[in-house]
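Here is the structure we will look at, set down as structure tokens.
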Amino acid sequence: MEKEGRILALDLGRKRIGLAISDELGITAQGLETLERRGRRDDIEELRKLIGARGVTRILMGDPLHMSGDSSAQGDYTREFASELERKTGLVVEFRDERWTSREAERVLRGSGVANGKRKATIDKLSAVILLQSYLDSPGTGLTD
């Protein structure tokens, strides 16, 4: 049975939130403009508006685990943010291991000509795209399952 809506992926950082969104069929991930953090309340309100405007029905967040697989302090912060986001949007936030997304994004950007001033925001966006695309490519997770 086909489910309607898109998936929004978030790569939550202390200064920025990398964003990516799926197409309606759940096949591809596209990067959105990185959200510069202004405070949790304002950030969640911006995300709530984006979710409504884009027809998002699922939220995916990177789970910042230690390389050992153990939870991290950033992971605790991410879960607190996700809990509030769930309350404000009525959507469940699903987590996915993000240990390699930033490194992969940096590898992709190496030699790409992206200016140093924009590199961090670009890495955050690309990390969200990599996170979402890997989710979409996994069996049993697409919108048309």
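The values are calculated or read from the model by the stated rules, or taken from the named source; none is laboratory data. Note that this is a predicted model, so its numbers are computed, not measured. For neighbour counting, all protein chains shown are included, and Cβ atoms are generated from backbone atoms with ideal geometry for every residue, glycine included.
Just a few scattered comments:
- Flag for Ile44 being surrounded by 15 or more Cβ atoms within 10 Å (Cβ to Cβ), aliphatic (A, V, I, L, M) and part of a strand (DSSP E or B): no
- Criterion: under 18 Å from Asp137 (Cα atoms), modelled with pLDDT of 95 or more, assigned to a strand (DSSP E or B) and within 14 Å of the chain's Cα centre (by Cα) - qualifying residue of Ile21, Ile17: Ile21
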